[in-house]
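Have a look at the structure below before the remarks.
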Amino acid sequence: MKQLRDLGIGFIGAGVVGTTLAVAFDRQGMHVNYVYSRSLKSASNLANRLSNCKVADNYQGLSNGCDLVFVTTPDSSISNIASNVKWRNSQIVIHCSGAQSLEALMIPESYGASVGCFHPLQTFIELNQGIDALYGTAFAIEGDEEILPFLEDLARALGGLGIKVSSEDKALYHASAVLVSGSLVSLLSIASQLWQKMGYKAEKAAECLLPLMRTTVSNVANKGMSGALTGPYSRGDIETIEKHLDAISDEHPEFLGLYCLLGLAQVPLAINKGTITKEDGERIESLIGKFADGLA
């Protein structure tokens, strides 16, 4: 297999993920030769950001001019695109979906191409943010024993780390990503709604809560999950927890189940931290259980 800097690279799909990876590779001195997108404007915008990159007329034209092809389209399009190209047995074809397995690339594999998955465990909303966020990012990689070292090299070239994830574990892997990304946003939204009774709009509540979120994430990075746990569950403060449960039950009963579930998840962390005993944890669980029973 050729060295990274000797490969001609192509991107099918010029969305935020494809653009971020293409620009990042280009900055590392790798050769992105072609890009293709259903939107000529998107493809041209990406090509103009890169050194000596051309816009391909179609999938096949891009494939013909590249050793390594990234398919960075929506998940539902990957298999269809892969099925409409005559691949070469010397090529490498990679998709960047966190949920799709290698089955989406069965056709390139049948032509003899090496296939793999390369999914950045990161959130992308705009180009500059995405490139800056790549350093230190984990990349879920999948492929045979021959291509895995190559995928690990790709991750290292971007300042990241390759993590092997099998096809059968893809759904769990992707669900974990949604929990700490999209669900974190929804959790902030829910917390902000609790401020409405206090007379504040959600935007003001979020402005006030965000510094707390940032510090908490920083504490997890520095102290670990148990070490970062603070608040009434960490202290075993049953009286305060009961006040929370009463208030949410009265004002926002639709959020009570979520609060109970997340509260229960804090109990083993607090026990592991050593700030409450197992018996304290059982009392908290019993209290939450009384409220949770009413949800059934």
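The values are calculated or read from the model by the stated rules, or taken from the named source; none is laboratory data. As the structure is a computational prediction, the values presented were derived from the model and not from experiment. Glycine gets a Cβ as well: all are built from the backbone with ideal geometry, and neighbour counts include every protein chain shown. When the accessible area is computed, the model is the full protein with side chains, heavy atoms only, and any ligands, DNA or RNA have been set aside. Shrake-Rupley method; radii C 1.70, N 1.55, O 1.52, S 1.80 Å.
Here are some notes:
- Pair list, Cβ under 8 Å, 6 or more apart: region 232-248 residue surrounded by 15 or more Cβ atoms within 10 Å (Cβ to Cβ), other residue at pLDDT below 95: Leu245/Phe291
- Any hit, region 194-206, residues being in contact (Cβ under 8 Å) with a residue 60 or more places away in the chain and over 30 Å from Leu102 (Cα atoms): yes
- Meets criteria (closer than 30 Å to Asn48 by Cβ and either charged (D, E, K, R) or in contact (Cβ under 8 Å) with a residue 24 or more places away in the chain (or both)) for Gly143: no
- Matching entry among Arg27, Arg38, Arg5 (being open to solvent by 20 Å² or more (accessible area, probe 1.4 Å) and in contact (Cβ under 8 Å) with a residue 40 or more places away in the chain): Arg27
- For region 142-161, the criterion of being open to solvent by 50 Å² or more (accessible area, probe 1.4 Å) and part of a strand (DSSP E or B) is met by at least one residue.
- Residues of region 162-201 satisfying the condition of being within 15 Å of the chain's Cα centre (by Cα), among the small types (Gly, Ala, Ser) and assigned to a loop (DSSP other than H, G, I, E, B): Ser181
- Residue within region 161-168 that is within 21 Å of Met30 (Cα to Cα) and touching a strand residue (DSSP E or B) at 6+ places or on another chain (Cβ under 7 Å) present: yes
- Some residue of region 163-175 being of a type in the set (D, E, K, R), surrounded by 13 or more Cβ atoms within 10 Å (Cβ to Cβ) and over 18 Å from Ile94 (Cβ atoms): yes
- A single member of Ala22, Ala14 is in a loop (DSSP other than H, G, I, E, B), touching a residue at least 24 places away in the same chain (Cβ under 8 Å) and under 22 Å from the mean Cα position of the chain (by Cα), and it is Ala14.
- Residue, surrounded by the fewest Cβ atoms within 10 Å (Cβ to Cβ), within region 89-107, restricted to residues that are farther than 18 Å from Glu145 by Cβ and in contact (Cβ under 8 Å) with a residue 40 or more places away in the chain: Glu103
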